[in-house]
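The structure under discussion appears below in the form of structure tokens.
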Amino acid sequence: MLESVTAFLLSIGINPTHFVAGVAGAGVRSLLNKGASKWEKISGGFVGTFCAVYLTPLFVQWMNLDATNLSTTNAVAFGIGIIGMSLAEGAVRMAQNWSEKPRLPTEASLKGLADAVNPQEPPAIIVPPIDCPEDEKPEPHRAPVRKPRRRS
């Protein structure tokens with residue numbers, strides 16, 4: 001049974017160890033996500049697993065890790081499984097923000113793409129505090145306090 005599942009995963013291009021580590025990481029995140037409904041936890045588990053399956057080889061290569069060391073790659077897959085749902089939510093949020101105000105990158109680099117997706121906000125205007133001498137400050141006003149009525 002396990003061999004047939006492993007063969008199926010390999011036939012569709014999924015590393016079974018990344019899959020299992022991603023399921024474990026996504027399961028941990030789903031258990032720690034207290035405010036979510038059952039369906040949010042299940043969908044978060046799937047998204048975390050798929051992020052781990054498909055992003056682990058990219059992260060291992062990007063971080064120049066030894067891809068033959070299974071414990072390292074499985075640890076990366078587990079970590080991606082934990083943060084996979086957050087990565088997916090962030091990517092969707094960036095796409096939504098970009099769709100509201102689409103801009104083309106100014107340069108063909110990651111910085112240009114990041115600037116196009118996350119536009120710079122104008123600097124905040126800082127208003128200096130009004131300097132008022134101590135003797136000219138108004139006195140605090142106290143509201144009258146009503147005493148509660150006593151019923152007899």
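Summary table below
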{"item": "Selected residue (criterion: farthest from Ser86 (Cα to Cα)) from residues of region 44-72 that are polar (S, T, N, Q) and touching a helix residue (DSSP H, G or I) at 6+ places or on another chain (Cβ under 8 Å)", "result": "Thr72"}
{"item": "Near pairs, Cβ below 6 angstrom, 6+ apart or cross-chain, from region 51-77 (in contact (Cβ under 8 Å) with a residue 60 or more places away in the chain) to any residue that is surrounded by 11 or more Cβ atoms within 10 Å (Cβ to Cβ) and among the polar types (S, T, N, Q)", "result": "Ala77/Thr56"}
{"item": "Meets criteria (surrounded by fewer than 13 Cβ atoms within 10 Å (Cβ to Cβ) and more than 19 Å from the chain's Cα centre (by Cα)) for Ala108", "result": "yes"}
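Just so you know, all these numbers are worked out from the coordinates, no wet-lab data involved. As the structure is a computational prediction, the values presented were derived from the model and not from experiment. A quick note on method: Cβ atoms are made from the backbone with ideal geometry, for glycine too, and the neighbour counts reach across all protein chains shown.
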